[in-house]
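Just below is one structure, and these are the notes that go with it.
The values are calculated or read from the model by the stated rules, or taken from the named source; none is laboratory data. Treat the numbers as computed from the prediction; the structure is a model and nothing was measured. So basically every Cβ, Gly included, is an ideal-geometry build from the backbone, and we count neighbours across all protein chains shown.
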Amino acid sequence: MESASQQDPEVSRSRNLPPFEKRDFLGLVVAIVGTIVLVIIAASGSKVEEGSGSDPSSGALIAIAGGVALINMAHIVGIFLFESVGYRGFFARFFSTLSLVLTPLAIVVCLIIR
């Protein structure tokens, strides 16, 4: 009779999840965490004074956070699609580079504007 550990070997990851390169996985993490940070900065940076409306920098913060969020969503969907079919071409590298460079840059710009 086999022991339980021999019958059910541990699987380190799901068979439904495509294998990611380190750069792609790092890009996914930066995209998700960076988008959350940008939304928090944009939400906390809104300055509304009674009778005068909102500050123009608030609109810039929201626009930057929204634009980067859209780009990062496209990146996440694109990387999952590219990895599921084994595509390693220009656009796979472009999306991961865009996320790794653009998201931290947008965070710095938002902190400067704020």
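Screening LEU81, LEU70, LEU61 for residues that are hydrophobic (A, V, I, L, M, F, W, C) and surrounded by 19 or more Cβ atoms within 10 Å (Cβ to Cβ) leaves exactly one candidate, LEU61.
Yes/no per residue for (1) assigned to a helix (DSSP H, G or I); (2) over 30 Å from TYR87 (Cα atoms); (3) of a type in the set (S, T, N, Q); (4) at pLDDT 90 or above:
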position	(1), (2), (3), (4)
PRO19	no, no, no, no
ARG23	yes, no, no, no
VAL29	yes, no, no, yes
VAL39	yes, yes, no, yes
ALA42	yes, yes, no, yes
SER58	yes, yes, yes, no
ILE62	yes, yes, no, yes
GLY66	yes, no, no, yes
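Contact annotation: residue pairs with Cβ atoms under 7 Å, 6 or more positions apart or on different chains, pairing a residue in the stretch 71-95 that is closer than 21 Å to ALA106 by Cβ with a partner that is hydroxyl-bearing (Ser, Thr, Tyr) and modelled with pLDDT under 85, are ILE79/SER96.
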